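Take a look at the structure set out below.
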Amino acid sequence: MRLKLNGTITEIQDNLTVEGLLGNLRIEPGRVAVEVNLNIVKKCDFGSRELKDGDEVEIVNFVGGG
């Protein structure tokens with residue numbers, strides 16, 4: 001299926017959750033915020049929020065500094 005991931009059309013496997021997508025991208029779930037179709041997904045819902053063909057996903061990394 002196709003997603004728009006951070007502004008880029010990306011092909012991913014079907015029946016993937018937010019958690020699965022992050023795993024495939026080797027992104028640590030605790031260090032990001034995820035938005036699907038302009039709605040923020042709570043971390044506790046990463047494993048149950050299924051992605052669908054055509055979804056728009058934004059993944060934002062937290063960066064520390066001083």
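Every number here is computed from the coordinates shown, using simple stated rules; none is lab data. Not measured: the values here are computed from a predicted model. Virtual Cβ from ideal backbone geometry, glycine too; neighbours counted across all protein chains shown.
Modelled spin-label separation between Glu58 and Glu35, with each label point placed 7 Å from Cα along the Cα-to-Cβ direction: 0.2 nm.
Treating only the Cβ of Lys, Arg, Asp and Glu as charged (+1, +1, -1, -1), what charge dipole size does the chain show about its Cα centre? Round to the nearest 20 debye. Walk me through the numbers on the way to the answer.
Working: 8 positive and 11 negative charges, 42 e Å.
Result for the chain is approximately 200 debye, rounded to the nearest 20.
Out of Leu38, Leu21, Leu51, any idea which swings most in a Gaussian network model of the chain, alpha carbons joined below 10 Å? In this elastic network of the chain, the residue with the biggest mean-square fluctuation among Leu38, Leu21, Leu51 is Leu38.
Across all directions, the shadow cast by the convex hull of the chain built on its C-alpha atoms averages 4.6 square nanometres. Tell me the net charge near Arg2. Cut-off is 13 Å between Cβ atoms, Arg2 excluded, with +1 for each Lys or Arg and -1 for each Asp or Glu. With Lys, Arg at +1 and Asp, Glu at -1, the neighbours total -3. Summing Lys and Arg as +1 and Asp and Glu as -1 over all other residues whose Cβ lies under 13 Å from the Cβ of Asp53 gives a net charge of -2.
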